[in-house]
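A.B. asks: After the structure tokens below, expect a handful of questions from me.
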Amino acid sequence: MTMKMDKQVTQKDVAQHAGVSVAVVSYVINKGPRQVSDETKQRVLAAVRVLGYQPNKFARALGRNDGKVAANQIGIIVGGTATILQRPFYAAVLSGIYDKVHEQGNRIRFMHFWDDLKDDVLFNEHVREDEVSSLILLAADLMRVDPAHMDIIKQLEARIDNIVCLDTEINNFTTVTFDRVVAARLVVEHFIRLGHRRIGFIGNAGRRVMGYRQTLEQHGLEVVPDYMQHPGVYNSSEEGFKGAQAMLALKIVPTAIFAASDEVAIGVLGAVQKAGLRVPEDMAVASIDNSSFAPFTQPPLTTVNVPTEQMGAYALHVINTQKSAPKLSRTTITIDTELVVRESCGAGSSTLLGNRK
């Protein structure tokens with residue numbers, strides 16, 4: 001736990017706490033020029049974390065800010081590593097944030113990835129009320145993969161009052177998201193209306209699969225364990241391909257596959273076509289996201305439209321609201337979704353079937 005200090009913590013303070021020289025502290029913080037043993041490095045980083053040390057460059061910036069809270073500065077923390085920017089869903093959400101941030105009177109102070117926060121020096125430099133007044137947490141489900149990460153989340157909450165989660169709720173923060181159970185229901189009910197009774201699911205074991213199971217049960221259809229493939233946690237194209245291969249190897253194959261995301265669906269389409277089957281004649285496919293590439297797959301993809309850019313813009317609106325009403329109860333704001341029907345399910349082209357909750 002980071003201690004709150006009344007004065008600026010110096011490298012000398014860190015050195016005294018860790019029982020090392022100031023030079024060693026400098027080597028650890030600056031990652032050189034000399035090597036430091038791992039045991040000593042961990043002692044120094046522990047002292048940095050406990051004392052709340054931040055580099056002098058921040059102290060200079062603080063002086064320019066006259067010690068006032070950075071009222072309109074927002075920090076963005078994204079789950080996982082920079083590879084997440086390759087994911088169309090998260091890239092679209094970030095685009096929505098950046099498009100609207102200036103219109104709403106805010107500025108993005110920084111964007112860091114979750115793994116960056118393991119660096120105690122970086123954490124103390126940026127995550128403090130003098131640097132930002134608000135935080136947006138994106139892909140928070142990737143922040144709780146390791147139980148030890150909860151310590152970082154607790155520190156975020158202790159330092160910053162105004163925190164909004166985007167996409168996934170964590171730690172009871174106010175959240176802007178879409179209902180994955182409802183989205184799954186839209187897909188599965190559409191398949192059932194088309195006459196499918198053997199419907200598979202490919203994706204991580206989250207709320208989408210909950211909606212899938214509930215919908216089958218509500219329609220009196222059997223939930224077949226082999227028809228639920230969970231080849232990973234990222235809902236990627238690679239996982240979709242792997243899951244579809246496993247499903248196509250079953251003795252009795254589903255006639256429709258619900259892919260947890262458009263990326264998963266890309267992998268499913270690839271595996272189905274590699275097996276010499278046709279979509280939708282031999283296998284119907286539908287998913288969730290409505291990414292920019294969904295209309296251009298072969299065949300075009302039936303998918304639930306998630307208004308990703310609207311989610312980003314709404315998160316900024318919530319931040320502004322919470323600034324003016326800091327004691328506002330934390331809540332979950334759910335954005336409506338709708339099914340966009342294209343050729344991959346065999347039911348026509350580019351029509352909308354409403355949300356709706």
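A.B. asks: Search segment 325-342 for residues being surrounded by fewer than 19 Cβ atoms within 10 Å (Cβ to Cβ) and at pLDDT 75 or above, and hand back the single one that is nearest to residue 183 (Cα to Cα).
C.D. replies: If we take residues in segment 325-342 being surrounded by fewer than 19 Cβ atoms within 10 Å (Cβ to Cβ) and at pLDDT 75 or above, then 338 is nearest to residue 183 (Cα to Cα).
Condition check ((1) among the aromatic types (Phe, Trp, Tyr); (2) more than 25 Å from residue 307 (Cβ to Cβ)) across all residues:
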{"residue": "159", "(1), (2)": "no, yes"}
{"residue": "178", "(1), (2)": "yes, no"}
{"residue": "202", "(1), (2)": "no, no"}
{"residue": "237", "(1), (2)": "no, no"}
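A.B. asks: Then there's this: State which residue is most open to solvent (accessible area, probe 1.4 Å) when the search covers only segment 253-267 and only residues that are assigned to a loop (DSSP other than H, G, I, E, B) and among the aliphatic types (A, V, I, L, M).
C.D. replies: Among residues in segment 253-267 that are assigned to a loop (DSSP other than H, G, I, E, B) and among the aliphatic types (A, V, I, L, M), the one most open to solvent (accessible area, probe 1.4 Å) is 253.
A.B. asks: On to the next question. Under the condition of being charged (D, E, K, R) and assigned to a loop (DSSP other than H, G, I, E, B), which residue from segment 271-322 is most open to solvent (accessible area, probe 1.4 Å)?
C.D. replies: Only one residue fits best here, namely 278.
A.B. asks: For residue 146, only one of the following conditions fails: (1) out of contact with any Phe, Trp or Tyr (no Cβ under 8 Å at 6 or more places or on another chain); (2) modelled with pLDDT of 95 or more. What is its number?
C.D. replies: Single failed check for residue 146: (2).
A.B. asks: Still on this model: Write out, first by first residue and then by second, each pair whose Cβ atoms fall under 9 Å of each other, whose residues are 6+ apart or on separate chains, and whose first residue, in segment 239-252, is in a loop (DSSP other than H, G, I, E, B) while the second is of a type in the set (Gly, Ala, Ser).
C.D. replies: These pairs meet every condition: 250/200.
A.B. asks: With the requirement that a residue be of a type in the set (Val, Ile, Thr) and open to solvent by less than 30 Å² (accessible area, probe 1.4 Å), what does segment 135-170 give you?
C.D. replies: Hits for segment 135-170 are 136, 152, 153, 160, 163, 164, 168, 170.
A.B. asks: For segment 243-251, state whether one or more residues are closer than 21 Å to residue 140 by Cα and hydrophobic (A, V, I, L, M, F, W, C).
C.D. replies: No, because not a single residue in segment 243-251 is closer than 21 Å to residue 140 by Cα and hydrophobic (A, V, I, L, M, F, W, C).
A.B. asks: Filter the helices (runs of 4 or more DSSP H) completely within segment 1-92 down to those with at least 1 residues that are at pLDDT 80 or above and among the small types (Gly, Ala, Ser).
C.D. replies: In segment 1-92, the matching helices (runs of 4 or more DSSP H) lie at 11-18, 22-29, 38-51.
A.B. asks: Name the single residue, out of those in segment 343-357 being part of a loop (DSSP other than H, G, I, E, B) and open to solvent by 20 Å² or more (accessible area, probe 1.4 Å), that is modelled with the highest pLDDT.
C.D. replies: Result: 346.
A.B. asks: OK, next. So, in segment 192-207, of the ones that are at pLDDT 95 or above and within 24 Å of residue 234 (Cβ to Cβ), which residue ends up nearest to the chain's Cα centre (by Cα)?
C.D. replies: Among them, the one singled out is 203.
A.B. asks: May I ask you to say which residue of 121, 132 is part of a helix (DSSP H, G or I), in contact (Cβ under 8 Å) with a residue 40 or more places away in the chain, over 19 Å from the mean Cα position of the chain (by Cα) and crowded, with 16+ Cβ neighbours inside 10 Å?
C.D. replies: 121
A.B. asks: Now for a separate question. If residue 223 passes every condition in (1) open to solvent by 10 Å² or more (accessible area, probe 1.4 Å); (2) touching a residue at least 24 places away in the same chain (Cβ under 8 Å); (3) of a type outside the set (Ser, Thr, Tyr) but one, which one does it miss?
C.D. replies: In the conditions (1) open to solvent by 10 Å² or more (accessible area, probe 1.4 Å); (2) touching a residue at least 24 places away in the same chain (Cβ under 8 Å); (3) of a type outside the set (Ser, Thr, Tyr), residue 223 misses (2) alone.
A.B. asks: In segment 6-42, which residues are within 34 Å of the chain's Cα centre (by Cα) and open to solvent by less than 40 Å² (accessible area, probe 1.4 Å)?
C.D. replies: Correct list: 9, 28, 29, 32.
A.B. asks: Shifting gears a bit: Which condition breaks for residue 198 when tested against (1) without any contact (Cβ under 8 Å) to a residue 40 or more places away in the chain; (2) surrounded by fewer than 20 Cβ atoms within 10 Å (Cβ to Cβ); (3) closer than 20 Å to residue 282 by Cβ?
C.D. replies: Condition (1) is where residue 198 drops out.
The values are calculated or read from the model by the stated rules, or taken from the named source; none is laboratory data. Predicted model only: the values in this text are computed from it and were never measured. For neighbour counting, all protein chains shown are included, and Cβ atoms are generated from backbone atoms with ideal geometry for every residue, glycine included. Only protein heavy atoms, including side chains, enter the accessible area calculation; ligands, DNA and RNA are left aside. Shrake-Rupley method; radii C 1.70, N 1.55, O 1.52, S 1.80 Å.
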